[in-house]
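Heads up, the thing below is written out as structure tokens.
The values are calculated or read from the model by the stated rules, or taken from the named source; none is laboratory data. Given the structure is predicted, the values throughout are model-derived calculations rather than measurements. Neighbour counts are summed over all protein chains in view; Cβ atoms, including those assigned to glycine, are modelled from backbone coordinates with ideal geometry. The accessibility values were calculated without ligands, DNA or RNA, using every heavy atom of the protein model including side chains. Shrake-Rupley method; radii C 1.70, N 1.55, O 1.52, S 1.80 Å.
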Amino acid sequence: MKKALLFGGTDGHGMTMTAISRRALEQEGYDVTTICNHQKPPITLPENAPPSDYGTGTVALFWGSTFLFWDFSKLSQNDLVVVVDIPLPEPDKRYPGCTAEKGIEKIKELCKNNIRVLIIDHHKIATTYYGKAIEVGAEIVISAHALTTHYGFPDPFSIKWGTIGAICDRDSAILPVTTEEEELARALDQAKFAGTNTLEAIYSDNMRYLTQDIFKNPLKPDEKHVIKRDNVIYYANPTPFGVGMKLLDMLCQREDKEYGISYTPEPSVILTITNWKKKHLLPAALKLGLEKFLGHAEAPNFTYPIGEIESLISRLNAVYIQGNEQKIESSNVYTYFHEFMKKIKIPYFLTIHGWSHVEHVISHARTLGSLCSLAESEQKILDWACLLHDVGNGAEGIDGDKARACHHLYSFQMIREWDDKGFFTDIMTPNEVRKVADLCFRHRKFLPLPEEESMKRLCVLLRVADSMDIDERRAMGNDEGESYQSLKSKLPESSIEHWESHQGIKGIRLYIKKNLIEFQIFIKDKEKAAFQINNFMDEIKILSMYFNLNINLVEMPVLSGNTWHLSRKSDEWVGR
């Protein structure tokens, strides 16, 4: 019997994805051994400390120690190692000897022995080492949604439990949610400390397990440490072990604040969180100007000195006044353009083209850049191009329809004008600005690609990242906040087809191995989705210069009355 060794994250989301993955693996005939074990991390760890079992709950310790320590000798050729919701990390200053490179070396050793290694993740924007892992033989699955960060395709079980897990992870893509679902997620956040018992309850589909009174204890902050600072809530005391983000989330909701900040007991890290229920907020990591961090962009943690918290609070509260001729600084880049994008008057009949679209494009570009092992200098150019590719929609004095039709040209012109005013001094060199402007001009498919090879590749990745933002989130309303239902009566028929095609798509996930990218698109309504799917196929063909391509259309389970019905069929399109 073929074997699978399954390592899983230990928070509420990680445990649901682990249990879902175990069931899917067993359905494929695997004998599964599951390791999902959170241990309180040591305060320090010598750089030359020998590998040991520190569980799967602390990312750096897992990849830099537990994964190296584990006995894989019982696995044979073509057996499988699956790692779910434990991202390959940036360096963690607390544990300098625990690096992603060490984990990648172990992956290389396993793959040389013909043992498959599959890493499944959904961390947006954070820089990872997935390209290096692919080079040594790993297979990677990256989901745009917390809901589908698991092995296998969605089924009724994965949708039910994945929804609860996604709420635990505060993924806004899952909104709106019911009161009952939120109560279950809060219970799961407490039940995670029961470890194996909770994992088994999820695996056996025992939702009643979460209704026990022992999992209904509300978080009780020490109110004397709760400090309100404009749009920020600051908990000025070490947060209880394992619940820091949940405490900040609860305080953000209770006090109606945009951001929360606190810190952990030793080994101390600073925790920040974005209120996931407030629309159009800049993720905390971008608001703070962080290029590298641990965790999610909406909830980054990092090892700044605790004394930096006051400065961080000021940055979270900062409002950059657009148009004051002040140069852009690294700490306010995203704040500036977030404010700028909010001022752009997007034509009412267009789906979302403002900041949330830009954010999704940046996220997809970071994923693609990691998979292509872009150098930092290349990723920087690509990030800036994603940030600025649609600013031409706000060209001053230009009618909205005309600006939209020629926005690529106006984006180019605005970037060069900003450069002449010195906006990018100390952030980009003149040559980097030139490259960014050229990419923004060429991001539309009817324009020729750059001739220089490195720029050509960046332009391809920009176009693909742009086209990957195709799911329902783009078509719930427009950039002015009008819902689709209120807009529909005044939309032209061609626009209705465009809007409803987005609404037919739930999300997107990538499966990648060496020389192959498969786009897995989760479909709610195949007939409606066809328009966007056909456009998407046309948009991404240029990626076949660098990868073999598959598109896998996966129909989502649908709810009829009180019964889930699975209706899934896989269609494949192969490029090159």
query: Under the condition of being open to solvent by 20 Å² or more (accessible area, probe 1.4 Å) and hydroxyl-bearing (Ser, Thr, Tyr), which residue from region 1-40 is nearest to residue 76 (Cα to Cα)?
result: 33
query: Residue check, residue 328 against (1) touching a strand residue (DSSP E or B) at 6+ places or on another chain (Cβ under 9 Å); (2) open to solvent by less than 20 Å² (accessible area, probe 1.4 Å); (3) within 30 Å of residue 421 (Cα to Cα), all met but one. Which one?
result: (1)
statement: Within region 86-115, restricting to residues that are within 14 Å of residue 130 (Cβ to Cβ) and in contact with a Ser or Thr (Cβ under 7 Å, 6 or more places away or on another chain), the one that is surrounded by the fewest Cβ atoms within 10 Å (Cβ to Cβ) is 90
task: Could you figure out which of (1) touching a residue at least 12 places away in the same chain (Cβ under 8 Å); (2) open to solvent by 30 Å² or more (accessible area, probe 1.4 Å) isn't true of residue 405?
output: (1)
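Between 424, 340, which is closer than 28 Å to residue 498 by Cα and among the aromatic types (Phe, Trp, Tyr)?
340
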Failed condition for residue 364, given (1) of a type outside the set (A, V, I, L, M); (2) in a helix (DSSP H, G or I); (3) surrounded by fewer than 19 Cβ atoms within 10 Å (Cβ to Cβ); (4) touching a helix residue (DSSP H, G or I) at 6+ places or on another chain (Cβ under 8 Å): (3)
task: Among the residues of region 251-297, count how many are over 17 Å from the mean Cα position of the chain (by Cα) and within 23 Å of residue 58 (Cα to Cα).
output: 12
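Rundown of residues vs (1) open to solvent by less than 20 Å² (accessible area, probe 1.4 Å); (2) out of contact with any Ser or Thr (no Cβ under 7 Å at 6 or more places or on another chain), yes/no style:
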position: 389; (1), (2): yes, no
position: 393; (1), (2): yes, yes
position: 437; (1), (2): yes, yes
position: 443; (1), (2): yes, yes
position: 446; (1), (2): no, yes
position: 459; (1), (2): yes, yes
position: 464; (1), (2): yes, yes
field: Tally, over region 74-102, of residues that are under 26 Å from residue 23 (Cβ atoms), over 20 Å from the mean Cα position of the chain (by Cα) and either at pLDDT below 95 or in a loop (DSSP other than H, G, I, E, B) (or both)
entry: 6
field: Only one of 517, 523, 505 that is within 20 Å of the chain's Cα centre (by Cα), closer than 16 Å to residue 371 by Cα and surrounded by 15 or more Cβ atoms within 10 Å (Cβ to Cβ)
entry: 517
query: Which ones in region 492-529 are among the small types (Gly, Ala, Ser), closer than 16 Å to residue 553 by Cβ and touching a residue at least 40 places away in the same chain (Cβ under 8 Å)?
result: 507
Breaking point among (1) farther than 21 Å from residue 514 by Cα; (2) small (Gly, Ala, Ser); (3) open to solvent by less than 10 Å² (accessible area, probe 1.4 Å), for residue 76: (3)
field: Residue satisfying condition, being more than 25 Å from the chain's Cα centre (by Cα) and not hydrophobic (A, V, I, L, M, F, W, C), within set 370, 356, 314, 363
entry: 314
